[in-house]
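Structure first, commentary second.
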Amino acid sequence: MDSQVLFGSRIRSIREAADLSREVVAERADINANYLGEIERGEKWPSIEIIQRLAGALDVSTSSFLEFEAEEIDPNILLTKLHHVLSNRNTEQLQQALRLLRALFQL
């Protein structure tokens with residue numbers, strides 16, 4: 001999935017988690033609801049100003065829109081990201097990560 005689609009999907013996820021309609025968020029951000037829909041579908045890239053207004057309307061940081069991991073569906077990309085996170089850790093940290101993963105998945 002490309003970054004524009006992931007970005008839009010992330011905004012939609014945050015909006016839905018806040019239980020807010022597209023119209024309410026668009027009004028709060030002073031943009032058109034149809035334009036917000038285009039952003040959420042990954043059809044348009046908003047300006048920095050619009051991103052800041054959307055973050056304010058959703059009461060989140062602008063950086064939260066860039067946390068794509070929750071939206072990513074390609075297992076190879078996710079495994080690569082996990083490998084990157086773990087690659088520079090020491091033995092103790094890796095053991096702790098393994099314990100956490102086992103507990104999380106009850107292995």
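The values are calculated or read from the model by the stated rules, or taken from the named source; none is laboratory data. None of these values were measured; they are calculated from a predicted model. A quick note on method: Cβ atoms are made from the backbone with ideal geometry, for glycine too, and the neighbour counts reach across all protein chains shown.
Contact map, region 72-88: first residue at pLDDT 85 or above, second residue small (Gly, Ala, Ser) and surrounded by 10 or more Cβ atoms within 10 Å (Cβ to Cβ), Cβ cut-off under 7 Å, separation 6 or more or different chains; pairs are LEU86/ALA97. The residue that is nearest to VAL60 (Cα to Cα), among those in region 1-12 that are surrounded by fewer than 17 Cβ atoms within 10 Å (Cβ to Cβ) and out of contact with any Lys or Arg (no Cβ under 9 Å at 6 or more places or on another chain), is SER3.
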